[in-house]
Amino acid sequence: LWEKKGIVPFLKVDKGLADLENGVQLMKPFSGLNDLLKRAAERNIFGTKMRSLIKEANPAGIKQVVEQQFAIGNQIAQMGLVPIIEPEVDIHSADKETSEKLLKDEIFDQLSKLGKDVKVMLKLSIPTENNFYSDLMKDPHVVRVVALSGGYTQAEANDKLAHNHGLIASFSRALSQGLTAEQTDDDFNTMLSKTIRDIYEASIT
(Lines give C-alpha, C1' and ligand atoms only; values in the text may rest on other atoms or scores of the structure.)
Protein backbone atom coordinates (compact mmCIF):
# COMPACT_ATOMS: atom_id res chain seq x y z
CA LEU A 1 0.00 0.00 0.00
CA TRP A 2 2.77 2.46 0.84
CA GLU A 3 4.33 1.85 -2.59
CA LYS A 4 0.97 2.50 -4.25
CA LYS A 5 0.46 5.72 -2.24
CA GLY A 6 4.07 6.86 -2.52
CA ILE A 7 4.60 6.74 1.26
CA VAL A 8 8.11 6.50 2.71
CA PRO A 9 7.94 4.16 5.76
CA PHE A 10 9.59 4.95 9.10
CA LEU A 11 9.91 2.86 12.25
CA LYS A 12 9.74 4.19 15.83
CA VAL A 13 12.62 2.58 17.71
CA ASP A 14 12.86 4.30 21.10
CA LYS A 15 11.41 2.88 24.33
CA GLY A 16 10.11 6.17 25.68
CA LEU A 17 11.57 8.91 27.85
CA ALA A 18 13.68 8.57 30.99
CA ASP A 19 13.03 10.70 34.09
CA LEU A 20 13.87 14.41 34.01
CA GLU A 21 17.52 15.15 34.81
CA ASN A 22 19.65 18.22 33.98
CA GLY A 23 16.57 19.83 32.46
CA VAL A 24 16.08 17.11 29.84
CA GLN A 25 14.60 13.66 29.34
CA LEU A 26 16.92 11.29 27.56
CA MET A 27 15.66 8.17 25.82
CA LYS A 28 15.37 5.04 27.92
CA PRO A 29 18.03 2.37 27.28
CA PHE A 30 17.65 0.41 24.06
CA SER A 31 17.77 -3.37 23.74
CA GLY A 32 17.78 -5.56 20.65
CA LEU A 33 18.18 -2.59 18.34
CA ASN A 34 20.41 -4.27 15.76
CA ASP A 35 17.98 -7.15 15.32
CA LEU A 36 15.11 -4.70 14.94
CA LEU A 37 17.03 -2.66 12.36
CA LYS A 38 17.96 -5.77 10.42
CA ARG A 39 14.31 -6.78 10.16
CA ALA A 40 13.37 -3.22 9.21
CA ALA A 41 15.95 -3.16 6.40
CA GLU A 42 14.68 -6.50 5.09
CA ARG A 43 11.20 -4.99 4.88
CA ASN A 44 12.39 -1.88 3.00
CA ILE A 45 11.81 0.55 5.87
CA PHE A 46 13.46 3.85 4.89
CA GLY A 47 14.29 5.30 8.29
CA THR A 48 13.66 5.46 12.02
CA LYS A 49 12.23 7.85 14.60
CA MET A 50 13.32 8.38 18.21
CA ARG A 51 12.42 11.25 20.53
CA SER A 52 14.09 13.08 23.42
CA LEU A 53 12.73 16.11 25.27
CA ILE A 54 14.44 19.35 26.33
CA LYS A 55 12.60 21.30 29.02
CA GLU A 56 15.29 23.73 30.21
CA ALA A 57 18.28 25.54 28.69
CA ASN A 58 20.77 23.36 30.54
CA PRO A 59 23.99 23.08 28.46
CA ALA A 60 25.06 19.76 30.00
CA GLY A 61 21.63 18.21 29.58
CA ILE A 62 21.24 19.38 25.97
CA LYS A 63 24.69 18.05 25.14
CA GLN A 64 23.68 14.65 26.58
CA VAL A 65 20.49 14.58 24.51
CA VAL A 66 22.26 15.34 21.24
CA GLU A 67 25.14 12.95 21.90
CA GLN A 68 22.71 10.12 22.68
CA GLN A 69 20.62 10.85 19.60
CA PHE A 70 23.62 10.88 17.26
CA ALA A 71 25.29 7.84 18.83
CA ILE A 72 22.19 5.75 18.18
CA GLY A 73 21.63 7.54 14.87
CA ASN A 74 25.07 6.40 13.72
CA GLN A 75 24.23 2.84 14.67
CA ILE A 76 21.03 3.09 12.64
CA ALA A 77 22.81 4.59 9.63
CA GLN A 78 25.32 1.74 9.61
CA MET A 79 22.41 -0.64 9.10
CA GLY A 80 21.38 1.21 5.95
CA LEU A 81 18.49 3.26 7.35
CA VAL A 82 18.11 7.04 7.69
CA PRO A 83 17.61 8.07 11.34
CA ILE A 84 15.36 10.95 12.33
CA ILE A 85 17.18 12.83 15.09
CA GLU A 86 14.40 14.27 17.28
CA PRO A 87 15.49 16.39 20.27
CA GLU A 88 12.18 18.16 20.92
CA VAL A 89 12.28 21.48 22.78
CA ASP A 90 9.23 21.93 25.03
CA ILE A 91 7.18 24.78 23.54
CA HIS A 92 6.18 25.83 27.07
CA SER A 93 9.78 26.19 28.26
CA ALA A 94 10.52 29.61 29.76
CA ASP A 95 13.90 29.67 27.99
CA LYS A 96 12.91 27.95 24.74
CA GLU A 97 14.92 30.29 22.49
CA THR A 98 18.10 29.78 24.54
CA SER A 99 17.58 26.02 24.42
CA GLU A 100 17.29 26.21 20.63
CA LYS A 101 20.60 28.07 20.33
CA LEU A 102 22.37 25.54 22.53
CA LEU A 103 20.71 22.71 20.62
CA LYS A 104 21.77 23.98 17.21
CA ASP A 105 25.39 24.35 18.31
CA GLU A 106 25.43 20.78 19.61
CA ILE A 107 23.79 19.45 16.43
CA PHE A 108 26.38 21.15 14.24
CA ASP A 109 29.14 19.69 16.42
CA GLN A 110 27.76 16.18 15.95
CA LEU A 111 27.15 16.64 12.22
CA SER A 112 30.82 17.59 11.82
CA LYS A 113 31.81 14.20 13.26
CA LEU A 114 29.68 12.06 10.94
CA GLY A 115 31.19 9.90 8.25
CA LYS A 116 31.13 11.37 4.76
CA ASP A 117 28.25 9.20 3.52
CA VAL A 118 26.05 9.28 6.64
CA LYS A 119 22.67 10.94 6.14
CA VAL A 120 20.20 11.99 8.84
CA MET A 121 16.92 13.84 9.15
CA LEU A 122 16.25 16.35 11.91
CA LYS A 123 12.84 16.68 13.56
CA LEU A 124 12.72 19.84 15.65
CA SER A 125 10.25 22.09 17.41
CA ILE A 126 9.28 25.10 15.31
CA PRO A 127 11.88 27.70 16.35
CA THR A 128 11.16 30.92 18.20
CA GLU A 129 13.23 32.88 15.65
CA ASN A 130 11.93 32.49 12.12
CA ASN A 131 14.24 30.54 9.76
CA PHE A 132 16.59 29.75 12.64
CA TYR A 133 17.33 26.29 11.24
CA SER A 134 17.97 27.39 7.65
CA ASP A 135 21.72 26.76 8.00
CA LEU A 136 21.09 23.21 9.23
CA MET A 137 19.13 22.53 6.04
CA LYS A 138 22.28 23.29 4.02
CA ASP A 139 24.48 20.75 5.80
CA PRO A 140 25.41 17.91 3.41
CA HIS A 141 24.56 15.26 6.02
CA VAL A 142 20.99 16.53 6.45
CA VAL A 143 18.34 15.04 4.15
CA ARG A 144 15.47 17.12 5.54
CA VAL A 145 14.61 19.29 8.54
CA VAL A 146 11.03 18.64 9.59
CA ALA A 147 8.90 20.34 12.23
CA LEU A 148 6.92 18.79 15.06
CA SER A 149 3.81 20.59 16.25
CA GLY A 150 4.76 20.13 19.90
CA GLY A 151 1.36 20.95 21.39
CA TYR A 152 0.59 24.05 19.34
CA THR A 153 -2.93 24.15 17.97
CA GLN A 154 -3.22 23.28 14.31
CA ALA A 155 -3.74 26.96 13.38
CA GLU A 156 -0.74 28.08 15.48
CA ALA A 157 1.51 25.34 14.09
CA ASN A 158 0.54 26.13 10.50
CA ASP A 159 1.11 29.86 11.00
CA LYS A 160 4.55 29.33 12.53
CA LEU A 161 5.48 26.80 9.86
CA ALA A 162 4.58 29.26 7.10
CA HIS A 163 7.21 31.69 8.47
CA ASN A 164 10.02 29.12 8.30
CA HIS A 165 10.98 28.55 4.67
CA GLY A 166 12.15 25.04 3.85
CA LEU A 167 10.84 23.58 7.11
CA ILE A 168 8.48 20.67 6.40
CA ALA A 169 5.55 19.65 8.60
CA SER A 170 5.81 16.36 10.49
CA PHE A 171 2.81 16.96 12.73
CA SER A 172 1.01 14.36 14.81
CA ARG A 173 -0.80 16.25 17.57
CA ALA A 174 -1.86 19.06 15.22
CA LEU A 175 -2.75 16.54 12.51
CA SER A 176 -5.21 14.70 14.72
CA GLN A 177 -6.89 17.83 16.12
CA GLY A 178 -10.67 17.59 15.80
CA LEU A 179 -10.74 13.94 14.75
CA THR A 180 -12.96 11.68 16.91
CA ALA A 181 -14.10 8.07 16.90
CA GLU A 182 -17.71 9.28 16.88
CA GLN A 183 -17.42 10.92 13.44
CA THR A 184 -18.84 9.22 10.37
CA ASP A 185 -16.30 7.98 7.83
CA ASP A 186 -17.24 10.83 5.50
CA ASP A 187 -16.88 13.49 8.21
CA PHE A 188 -13.60 11.99 9.42
CA ASN A 189 -12.13 11.82 5.91
CA THR A 190 -13.33 15.31 5.01
CA MET A 191 -11.76 16.85 8.10
CA LEU A 192 -8.52 14.91 7.68
CA SER A 193 -8.26 15.92 4.02
CA LYS A 194 -8.75 19.59 4.90
CA THR A 195 -6.15 19.35 7.67
CA ILE A 196 -3.60 17.80 5.33
CA ARG A 197 -4.29 20.44 2.69
CA ASP A 198 -3.89 23.28 5.22
CA ILE A 199 -0.62 21.84 6.54
CA TYR A 200 0.69 21.32 3.02
CA GLU A 201 -0.11 24.90 2.06
CA ALA A 202 1.71 26.17 5.17
CA SER A 203 4.71 24.03 4.24
CA ILE A 204 5.10 25.53 0.78
CA THR A 205 4.44 29.16 1.71
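Annotations for the structure displayed:
- Label assignment, volume of the Cα convex hull per residue in Å³ derived from the structure, set [x] 290; [y] 136; [z] 104: [y]
- Only the Cβ atoms of Lys and Arg (+1) and of Asp and Glu (-1) were treated as charged; on that basis the dipole of segment 37-175 about its Cα centre amounts to roughly 660 debye.
- Look at where the Cα atoms of segment 92-162 and of segment 1-62 average out, and the two centres are 16 Å apart.
- Positive dipole terminus of segment 30-116, leading residue within Ser52, Leu37, Gln110 (C-beta point charges): Leu37
- Nearest-0.05 FRET efficiency for Arg39 and Glu3, computed from C-beta distance (R0 22 Å): 0.75
- On a per residue basis, segment 1-129 carries 51 Å² of accessible surface, using protein heavy atoms and a 1.4 Å probe.
- Highest average packing first - 188-194, 74-80, Cβ atoms within 10 Å: 74-80, 188-194
- Length added when fully stretched, Glu21-Asp135, from 0.36 nm per residue minus Cα-Cα: 38.1 nm
- Protein heavy-atom surface of segment 46-205, 1.4 angstrom probe: 52% of the accessible area is carbon and sulfur, with nucleic acids and ligands not counted.
- Cα pair count fraction exceeding 20 Å, expressed as % - segment 123-197: 38
- When both bridge partners sit in segment 1-154, DSSP labels roughly 20% of those beta bridges antiparallel.
- Within straight-line reach of Lys113, meaning a Cα separation under 22 Å, sit the following lysines at least 8 residues removed in sequence or on another chain: Lys49, Lys63, Lys101, Lys104, Lys123, Lys138.
- Mean residue ellipticity, 222 nm, helices only, the chain: the sum of -39500 (n - 2.57) across DSSP H runs of n ≥ 4, divided by residue count and rounded to 500, is -12500 deg cm²/dmol.
- Within segment 86-161, trypsin sites (Lys or Arg not before Pro) in DSSP loop having at most 12 other beta-carbon neighbours inside 10 Å: Lys113, Lys116, Lys138
- The relative contact order of segment 68-205, computed from alpha carbon pairs under 8 Å that lie at least 6 residues apart in sequence, is 20 percent.
- Here the chain is scanned for GluC sites (Glu not before Pro) in DSSP loops (not H, G, I, E, B) that have at most 15 other Cβ atoms within 10 Å, and the longest stretch holding none of them is 1-128.
The values are calculated or read from the model by the stated rules, or taken from the named source; none is laboratory data. Just so you know, these numbers come straight off a predicted model, no measurement behind them. Methodologically, a virtual Cβ is constructed for each residue, glycine included, from the backbone with ideal geometry; neighbour enumeration extends over all protein chains shown. Quick note on the areas: whole protein, heavy atoms, side chains included, nothing else; ligands and nucleic acids left out. Shrake-Rupley method; radii C 1.70, N 1.55, O 1.52, S 1.80 Å.
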